[in-house]
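Report on the following structure.
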Amino acid sequence: MMRTAHLIYFSPTGTTKKISASIAQGLGAKNVTHYDVTLPDSNFETVLTDGVAIIGIPVYAGRVPELCLQRLQAITSKGVPAVLVALYGNREFEDALVELRDVSVAKGFNVIAAGAFIGEHSCSTPARPIAASRPNTEDLKLAVQFGKQVAAKIERNAFANPEINGNVPYKDRVQIGGVAPETDSEKCTLCGKCAAVCPTGVIIVSVSVTTHADNCIMCCACVKTCEVEARPFNHPRIEERRAILQKNCSMPKAPEVFF
Ligand SMILES: Cc1cc2nc3c(=O)[nH]c(=O)nc-3n(C[C@H](O)[C@H](O)[C@H](O)COP(=O)(O)O)c2cc1C
């Protein structure tokens, strides 16, 4: 039996974490250690030397989010086998998995498997659903099964690197931010939960809520966390994006795995 699974993830709205945890379940590790690098105060200066790592990231504009790359820098490894996970919102994962592979290899991991899974799109709303409620039961089942397949690969001492879909050089980065969810002061109770889940710390709660849009990564953690729906994100740029996604990406995609 596998001793330790190191679960490393950046997951503002929790879907990457869910899939990564299901893969760990499938691996059957005795101990699961979480390295949640989502929040600004996450600081794991660590060199991993044993077990297996599961490294999960959400796909932003076909790439690994820049902030996520920065946060992953603190964790390095001495040849620990790694399973990579790209979570995307039913559009495309494009070059995110190959980028994550290259970053992981540079950090000393030995990539032995990778998977692209689908999660509810950050922009999804009840009125404009995009991959709503994913990962669903079937997705989670497939993630557990993927974990079991990885465990079997390790059991066979088969540590070959997978061929992963995606291009090098990666597609150009798209500038993210400049617009941010707003605060509906009629509904807001100043509870501070939005600020507590913000990966960039751009939400300041005092007698009112201020959001510094320039550094917002549009992850929508604040929108999805607010219990009183006081964080609308209806900027025309986002509405336009939602309409395009709904039009072009409504056919549910299936997870893909690479060994
Ligand atoms: C700025 C931004 C860009 C995104 N770009 C993509 C994309 O290129 N393809 C896609 O399918 N989903 C895209 N998504 C959706 C996320 O990949 C998806 O919602 C993911 O499940 C979020 O992971 P999390 O729940 O761990 O935060 C994007 C989301 C945001 C906020």
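Structural remarks
- With all protein chains in place and a 1.4 Å probe, the accessible surface of the stretch 49-155 carries 51 percent carbon and sulfur.
- Taking every DSSP helix (H) stretch of at least 4 residues in the chain, weighting each as -39,500 (n - 2.57) and dividing the sum by the residue count yields a mean residue ellipticity at 222 nm of -8000 deg cm²/dmol.
- Rg followed by Dmax, in Å, when the stretch 61-218 is reduced to its Cα trace: 18.7, 60
- Extension gain for Lys187 to Arg237 (0.36 nm times residue separation, less C-alpha to C-alpha distance): 15.6 nm.
- In order along the stretch 41-46, the phi-based Karplus estimate (6.51 cos²θ - 1.76 cosθ + 1.60, θ = phi - 60°) of 3J(HN,Hα) comes to 8, 6, 8, 10, 6, 9 Hz; Gly and Pro are listed as x.
- Shown in residue order for the stretch 168-174 are the 3J(HN,Hα) couplings computed by the Karplus curve 6.51 cos²θ - 1.76 cosθ + 1.60 at θ = phi - 60°: 10, x, 6, 4, 4, 5, 9 Hz (x for Gly and Pro).
- Computed from Cα atoms, the angle from the helix 15-27 axis to the main principal axis of the chain rounds to 20 degrees.
- Expressed as a fraction of 2.2 N^0.38 Å, the value expected for a compact globular protein of N residues, the C-alpha radius of gyration of the stretch 179-259 is 1.31.
- A cut-off of 5 Å between modelled amide H atoms, ignoring neighbours fewer than 5 places along the same chain, links Tyr35 with Leu7, Ile8, Tyr9.
- Per-pair calculated FRET efficiency, R0 = 25 Å: Ser42 and Val207 via Cβ, rounded to 0.05: 0.30
- Highest mean first, the peptides 115-126, 155-166 sorted by other C-beta atoms within 10 Å per residue fall in the order 115-126, 155-166.
- Of Lys17/Lys253; Lys18/Lys193; Lys171/Lys253; Lys18/Lys224; Lys141/Lys171; Lys17/Lys187, pairs whose Cα-Cα distance is over 25 Å: Lys141/Lys171; Lys17/Lys187
- Leu48 long-range amide H proximity, modeled H, under 5 Å: Thr76, Ser77, Lys78
- Here the Karplus relation 6.51 cos²θ - 1.76 cosθ + 1.60, evaluated at θ = phi - 60°, turns the backbone of the stretch 207-220 into coupling constants of 7, 8, 10, 10, 10, 8, 4, 4, 9, 5, 9, 6, 6, 6 Hz, with x for every Gly and Pro.
- Backbone N within the stretch 88-129 under 19 Å of label point (7 Å from Asp172 Cα along the Cβ vector): 94-96
The values are calculated or read from the model by the stated rules, or taken from the named source; none is laboratory data. All figures in this text were calculated on a predicted structure; none of them were measured in a lab. We place every Cβ from the backbone using ideal geometry, glycine too, and count neighbours over all the protein chains shown. Note: areas computed on protein heavy atoms with side chains; ligands, DNA, RNA excluded. Shrake-Rupley method; radii C 1.70, N 1.55, O 1.52, S 1.80 Å.
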